[in-house]
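Here is the structure we will look at.
What follows is calculated from the coordinates using simple rules that are stated; it is not laboratory data. On a predicted model such as this, the values are computed, not experimentally measured, just so you know. Because the Cβ atoms are built from the backbone with ideal geometry, glycine has one as well, and the counts that use them run over all protein chains shown.
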Amino acid sequence: MFQRIQHFFNTLSTNWSEDPGARGAAKMTAGGVLVAEGVFGVVRGRTGRNGRRQRGGLLGGILGIVFGIIFINVAGFVEGPGIDDPVEITGEVVAVERAGTSGENDTPMYRTRIAYTVDGESYEFSPRGRSSWRPNVGADVDVAYSRSDPAHAKRIGGIEEWAPQIFGWAGWFVVVTSAFSLLVSIALIIFGIWLFQQGRADRRLSGEDRSFFGDLFAIAKDVRAGNMDIAETAAGMAGAAQGSGQPAAAAPAQPEAGAASATAATAAAPAGWMLDPADESMLRWWDGQQFTDQRRPRD
């Protein structure tokens with residue numbers, strides 16, 4: 001998540017090229033990177049234990065919120081309803097029942113039956129939670145019952161009390177962090193689209209105009225597929241990443257016209273008029289793969 005935020009601030013601190021064609025292509029590339037970051041997550045991704053790239057983005061944030069809410073509700077169900085007027089006493093484990101298994105090793109799980117006495121009357125209950133630890137019958141346990149309804153009781157202390165609480169806290173942590181991640185994703189998408197539109201406007205100044213979604217999807221597809229070196233774009237570099245006469249969309253000087261070989265950032269740029277690497281006073285047509293022989297004055 002922090003890497004995605006860094007991409008945002010890198011783009012804000014960029015000094016763009018003065019050439020409208022090169023500046024427009026660089027902005028479009030950076031905008032496509034930010035949109036891909038927001039939709040798919042960390043496109044330079046980290047690798048999980050299973051060897052697969054871990055992703056976030058919109059879907060990751062939404063799923064995180066959903067799973068966090070599930071954790072919170074499961075914890076609430078296991079913990080049971082609260083007691084408004086509790087009275088604490090000592091109860092006794094009167095029975096231990098098998099309650100299925102858990103995990104890949106089929107670890108046996110147990111549920112206890114607890115008895116307690118209030119004003120000479122006996123009551124029994126079973127906590128909702130299960131435990132892999134088998135308690136001893138006859139062991140003393142702490143119990144809290146309702147003064148107004150003595151039959152309403154719960155065990156306090158031990159794993160039966162703190163395990164659901166930890167599970168609930170973990171659920172809230174997942175919800176909060178996932179909600180923040182979702183907001184970051186939305187901000188990246190909005191800013192990326194705005195930057196992409198600014199790049200298209202710059203390219204129109206150089207006489208090139210193409211489909212908005214065609215350009216955006218082409219760049220986002222390259223970013224997600226790993227065909228673009230994000231470190232060479234404005235999103236991946238801090239400071240004057242696309243300025244000082246070195247726009248990411250401009251190819252290095254070539255010995256012969258028509259034999260140009262683009263850099264990784266140039267290869268990701270859609271077709272359009274670019275600064276001629278052999279003559280900075282001219283614009284040269286970039287067909288999306290290489291420079292052609294078509295040229296025209298920058299003015």
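Structure above, values below:
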read-out	value
Residue-wise HN-Hα coupling along segment 141-153, computed from phi with Karplus coefficients 6.51, -1.76, 1.60 (Hz; x: Gly, Pro)	9, 8, 10, 10, 10, 7, 4, 7, 9, x, 6, 8, 9
Cα centroid separation - segment 168-192 against segment 117-155, whole Å	40 Å
Ascending count of other beta-carbon atoms within 10 Å, so fewest first, for Lys154, Lys27, Lys221	Lys221, Lys154, Lys27
